[in-house]
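Input: a single structure, listed below in structure tokens.
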Amino acid sequence: MAPNFPWEPRRFPIFYGWVIVFGATVGTLFTIPGQTMGFSVFTDILMKELGLSRVALSLAYCIGTVASGLMLPWMGRLLDRWGDRQMTVVATAATGAVLFYLSVVADLSRLLSQMFSERWQTACSFACIGFGFFMIRISAQGVLSMTCRNVMGKWFDVKRGMALAFSGVFVSFGFSLAPRWLNHWVEQYGYEGAWRLIGFATLAIMGPLGWLIFRDRPEDCGLMMDGVTQKAETSTNMDMVIHHDFTLKETLQTFSFWLFNLSFAFYAMFATAFTFHILSIGSEFAFNKERILTLFVPMAVVSVVTNVSFGWINTKMRLKYLLMLMNLGGLAGVFGLYQLTHNWGVIAYVVGNGIAGGGFVSLSGIIWPRFFGRLWLGSISGINMSTMVIASGMGPLIYGWSEQMGGSYRPILLLSMIIPLALAILSFWADNPQRRMGDTLSS
């Protein structure tokens with residue numbers, strides 16, 4: 001794990017931060033099995049194989065996800081102690097192992113029910129898949145995702161937005177195409193074979209790649225952020241100047257942390273909910289399986305454009321205004337899904353979610369090191385990741401309950417419009433706390 005083994009990053013012909021971006025991008029793509037789009041094509045299959053209702057499966061997903069979310073603040077502190085390189089190897093090994101577990105989860109639940117009693121079939125199925133959800137969410141969607149995002153934030157400052165935008169181009173298209181690829185693999189190899197294939201690829205590719213490529217900080221390798229040769233003021237933008245590395249306690253006392261945190265959490269909840277139930281939602285609005293999954297592709301195009309735009313403009317514009325735009329995109333996305341039977345509703349759903357998703361990817365990587373510094377980045381992002389993961393776990397349960405109790409997703413979609421509207425208005429007050437620190441130091 002020595003920074004200069006097996007090679008010295010400072011001897012590379014290009015700034016090594018871009019090699020980090022490549023590794024982090026690949027690592028983020030390997031979080032797909034733990035993301036909701038990684039489960040969306042398995043939802044109806046798991047309901048059939050495990051003998052669980054939609055609400056029961058959603059509840060198991062919720063419990064497993066919330067439990068993993070409660071562990072993430074501790075994982076964030078562990079990330080500060082271990083570093084990104086070591087944490088990536090551990091998270092990748094855990095992800096691969098749990099994918100092999102998920103490939104036998106139905107057989108395991110039936111075996112356990114035979115050991116006890118057939119009456120316990122539902123309980124055994126619920127416990128087995130709930131444990132699988134917990135493990136895949138904490139390893140892939142939690143720790144691996146957090147590590148890949150943080151390591152890019154540590155290697156870039158002024159160019160952080162562009163680095164995240166470059167990564168986001170590949171991540172957005174990879175995520176949008178994932179349901180179709182996974183559906184193809186399920187049809188070719190069965191759901192068990194699909195999970196084993198991904199598990200083997202995770203262990204064989206990302207584990208070694210993370211160890212080879214990742215380095216915790218440029219300073220450990222004799223380099224500086226952005227590849228500059230000397231320490232200097234890199235921007236006259238007050239939002240870009242770090243006056244103070246905030247501790248976790250100090251961070252939690254700022255309004256800006258909670259406004260950004262809750263904005264990310266809402267979109268995580270909504271995106272997880274509609275992705276988890278995407279086939280059922282498509283059925284309600286008379287969209288067949290192929291048509292509803294195809295909408296992820298144009299959504300990814302809008303997401304990429306938004307991500308690149310945010311990456312280019314973030315050094316010239318206050319982040320709170322970009323947050324407001326992201327929340328308005330989320331509002332349009334919810335409204336579009338509510339009106340999906342109309343052509344303009346489809347456009348609002350695709351464009352709104354594309355803007356919200358692209359803004360989410362860009363801002364969630366930029367905001368924490370810029371607003372609060374790098375020293376306690378793992379602890380701070382751990383709280384944020386915990387909030388997002390818990391919210392994402394609640395989303396499918398709430399939406400599934402709406403469909404089962406009322407026979408429609410429309411009531412919960414109507415209620416969901418209130419939150420991004422309120423968050424968009426409150427974004428006006430989400431100022432960078434570094435500006436206040438700068439005013440204090442200059443007075």
Next on the checklist: For S256, only one of the following conditions fails: (1) closer than 18 Å to W368 by Cα; (2) without any contact (Cβ under 8 Å) to a residue 24 or more places away in the chain; (3) among the small types (G, A, S). What is its number?
Outcome noted: (2)
Next on the checklist: Please pick out the residue among A348, A356 that is more than 13 Å from K154 (Cα to Cα), without any contact (Cβ under 8 Å) to a residue 40 or more places away in the chain and crowded, with 21+ Cβ neighbours inside 10 Å.
Outcome noted: A348
Item to check | Selection from the range 416-438 of residues that are open to solvent by 30 Å² or more (accessible area, probe 1.4 Å), in a helix (DSSP H, G or I) and either at pLDDT 95 or above or under 20 Å from M326 (Cβ atoms) (or both) | outcome: I418, I419, L421, A422, I425, L426, F428, W429
Next on the checklist: Going through S280, S256 one at a time, which residue ends up being within 18 Å of S416 (Cβ to Cβ) and part of a helix (DSSP H, G or I)?
Outcome noted: S280
Checklist entry - What is the one condition in (1) at pLDDT below 85; (2) under 30 Å from M388 (Cα atoms) that C124 does not satisfy? => result (1)
Checklist outcome for this item: Residue hits (the range 27-39; in contact with a Gly (Cβ under 7 Å, 6 or more places away or on another chain) and open to solvent by 10 Å² or more (accessible area, probe 1.4 Å)) are L29, I32
Checklist outcome for this item: Exception for T65 within (1) modelled with pLDDT under 90; (2) part of a loop (DSSP other than H, G, I, E, B); (3) touching a Gly at 6+ places or on another chain (Cβ under 7 Å) falls at (2)
Checklist entry - If you take the residues in the range 258-299 that are among the aromatic types (F, W, Y), at pLDDT 90 or above and under 24 Å from V171 (Cβ atoms), which one is farthest from the chain's Cα centre (by Cα)? => result F260
Checklist entry - List, please: which pairs have Cβ atoms under 8 Å, are six or more places apart or on different chains, and start with a residue in the range 373-394 that is over 13 Å from Q141 (Cβ atoms) and end with one that is open to solvent by 10 Å² or more (accessible area, probe 1.4 Å) and among the acidic types (D, E)? => result G373/D245; R374/D245; L375/D245; W376/D80; W376/D245; L377/D80; G378/D80; S379/D80
Checklist entry - Do any helices (runs of 4 or more DSSP H) entirely within the range 81-188 hold 2 or more residues that are under 30 Å from V301 (Cα atoms) and open to solvent by 10 Å² or more (accessible area, probe 1.4 Å), and if so, which? => result 145-155
Checklist entry - Just checking, how many residues over the range 47-62 are part of a helix (DSSP H, G or I) and either over 12 Å from F133 (Cα atoms) or within 17 Å of the chain's Cα centre (by Cα) (or both)? => result 9
Item to check | Of the criteria (1) surrounded by 18 or more Cβ atoms within 10 Å (Cβ to Cβ); (2) aromatic (F, W, Y); (3) at pLDDT 90 or above, which one F42 fails | outcome: (3)
Checklist entry - What residue, of T306, T247, T275, is among the β-branched types (V, I, T), surrounded by 18 or more Cβ atoms within 10 Å (Cβ to Cβ) and more than 19 Å from L413 (Cβ to Cβ)? => result T306
Checklist entry - With the range 318-414 as the region, which helices (runs of 4 or more DSSP H) entirely inside it contain at least 3 residues that are at pLDDT below 90? => result 343-372, 377-406
Next on the checklist: I'd like the full set of residues that are touching a Ser or Thr at 6+ places or on another chain (Cβ under 7 Å) and of a type in the set (F, W, Y), limited to the range 165-187.
Outcome noted: F170
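The values are calculated or read from the model by the stated rules, or taken from the named source; none is laboratory data. These numbers come from a predicted model, not from an experiment. Don't worry about glycine lacking a Cβ; one is built from the backbone with ideal geometry, like all the others, and counts go over all protein chains shown. Remember, those area values only see protein heavy atoms, side chains included, never the ligands or the DNA or RNA. Shrake-Rupley method; radii C 1.70, N 1.55, O 1.52, S 1.80 Å.
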